[in-house]
């Protein structure tokens, strides 16, 4: 457990006096996803250093985190971020391995390539080929992978877009973070031309490139993603991949709060085909929805990083963070524990959002059984054979959940939902 979230100077001083027996992981940022990545790595005795721009994240008090500290936020000062990370790396005996849990941290590491830090994912050009949705959809068109009808605003005029797409349609960013900083969300639905032009104008003020996209007639409850780790070409191994269904969201069209492993060969094939074409290697999540009009899964997005329910593939026997670490560090080993050549069944639940859905949505019916709740409340789920796992809440590692609860009581807010 990291007893203190140090400022950068204090973190460098503390690490100068530590002798890790292997390269530690730098996990940034240090919130819901960060604590899950830390636990996945700590399960294999990898030391973890949690980094963030604030001390409000849930990861630092986890037993999986050895040290925690503040660094310059890459969107505020990219050179400052690189300098901070290089100072941290220089204080360590072994070159650390970076795990970036949000797009801005991915780009921060990829753009600056800090000296003394191992990056277990593609160089910036490879990341850009995936994160730029305009490029991603162009690849889908070339490869025959279904995707929603989409137009880049600017490359295509407003008049042409309004004529091509029926209202309502959605506006989303080519790159998430600038848009999210401006609007507080990654997707905006517009009902008429006036609303569309207002979003486009505000996005232009924030230098955010936006796309106009058809509103897919998606079947509720069938949102599906491929969670994968694609090794570098030099590793000469197959990707490690698990398909997850976001069976429950909160709100109904919000963030995933219950995800279960499923078999969807088309999702797996299409996602891996796109990733192979981009040349990207590393951890990623490829997001699909089931389009009832096309009667097919359509690709919406690919995140080149760990994400909120990263613990589900870990529970299924595919520890994606550890696989990435093993490829980045000479002598480190990891073997996925799969069943008959494939992943085990697994379910992941994020209790705060799931309970809110149960308590506030009269049309929603709890899909967890009494036995599931007993397993969760007793803590037996941590060693159960049905592979039920959670986000944040773990009786064996209670401090992150305690920090969440005390934060709710104090009405404090954290800037990142993941």
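The values are calculated or read from the model by the stated rules, or taken from the named source; none is laboratory data. Since this is a predicted model, take the numbers as computed values, not measurements. Cβ sites come from the backbone with ideal geometry, for glycine too, and all protein chains shown count toward neighbours.
Suppose we filter 294, 222 for residues that are part of a loop (DSSP other than H, G, I, E, B), touching a residue at least 24 places away in the same chain (Cβ under 8 Å) and under 29 Å from residue 351 (Cβ atoms); which single one remains?
Checking each option against the conditions leaves just 222.
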**Asked** Could you say whether any residue in segment 184-200 is in contact (Cβ under 8 Å) with a residue 40 or more places away in the chain and either closer than 27 Å to residue 328 by Cα or touching a strand residue (DSSP E or B) at 6+ places or on another chain (Cβ under 8 Å) (or both)?
**Response** yes
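Is it the case, given these coordinates, that residue 169 is in contact with a strand residue (DSSP E or B) (Cβ under 9 Å, 6 or more places away or on another chain), within 30 Å of residue 291 (Cα to Cα) and modelled with pLDDT of 95 or more? Give the derivation first.
On the way: in contact with a strand residue (DSSP E or B) (Cβ under 9 Å, 6 or more places away or on another chain): yes; within 30 Å of residue 291 (Cα to Cα): yes; modelled with pLDDT of 95 or more: yes.
Yes: the conditions hold for residue 169.
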**Message:** Looking only at segment 364-392, filter to residues that are more than 20 Å from residue 344 (Cα to Cα) and in contact with a helix residue (DSSP H, G or I) (Cβ under 8 Å, 6 or more places away or on another chain); which one of those is surrounded by the fewest Cβ atoms within 10 Å (Cβ to Cβ)?
**Reply:** 374
**Options 189, 194; residue that is modelled with pLDDT of 95 or more, farther than 27 Å from residue 312 by Cβ, outside any loop (DSSP other than H, G, I, E, B) and not assigned by TED's automatic domain parsing to the domain that holds residue 266** = 194
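May I ask you to list the residues in segment 332-363 that are more than 16 Å from residue 312 (Cα to Cα) and loosely packed, with under 12 Cβ neighbours inside 10 Å?
Those that are more than 16 Å from residue 312 (Cα to Cα) and loosely packed, with under 12 Cβ neighbours inside 10 Å: 333, 335, 340, 341, 359, 360, 362, 363.
Can we say residue 12 is on the phi < 0 side of the Ramachandran plot, outside any loop (DSSP other than H, G, I, E, B) and over 18 Å from the mean Cα position of the chain (by Cα)? Please lay out each step first, then the result.
Numbers: on the phi < 0 side of the Ramachandran plot: yes; outside any loop (DSSP other than H, G, I, E, B): yes; over 18 Å from the mean Cα position of the chain (by Cα): yes.
For residue 12, the condition - on the phi < 0 side of the Ramachandran plot, outside any loop (DSSP other than H, G, I, E, B) and over 18 Å from the mean Cα position of the chain (by Cα) - is met.
Tell me yes or no: at least one residue of segment 353-375 is assigned to a strand (DSSP E or B) and either within 20 Å of residue 405 (Cβ to Cβ) or in the same structural domain as residue 257 (by TED's automatic domain parsing) (or both).
Going through segment 353-375, the residues assigned to a strand (DSSP E or B) turn out to be none.
Looking for residues that are assigned to a strand (DSSP E or B) and either within 20 Å of residue 405 (Cβ to Cβ) or in the same structural domain as residue 257 (by TED's automatic domain parsing) (or both), one finds none in segment 353-375, hence no.
Among the listed residues 45, 66, 77, identify the single one that is in contact (Cβ under 8 Å) with a residue 12 or more places away in the chain and surrounded by fewer than 19 Cβ atoms within 10 Å (Cβ to Cβ).
Details: 66 fails: surrounded by fewer than 19 Cβ atoms within 10 Å (Cβ to Cβ); 77 fails: in contact (Cβ under 8 Å) with a residue 12 or more places away in the chain.
Step by step, each of 45, 66, 77 is checked, and only 45 is in contact (Cβ under 8 Å) with a residue 12 or more places away in the chain and surrounded by fewer than 19 Cβ atoms within 10 Å (Cβ to Cβ).
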**Request:** For segment 275-296, name all the residues that are buried (at least 23 other Cβ atoms within 10 Å of the Cβ) and more than 20 Å from residue 107 (Cα to Cα).
**Result:** 288
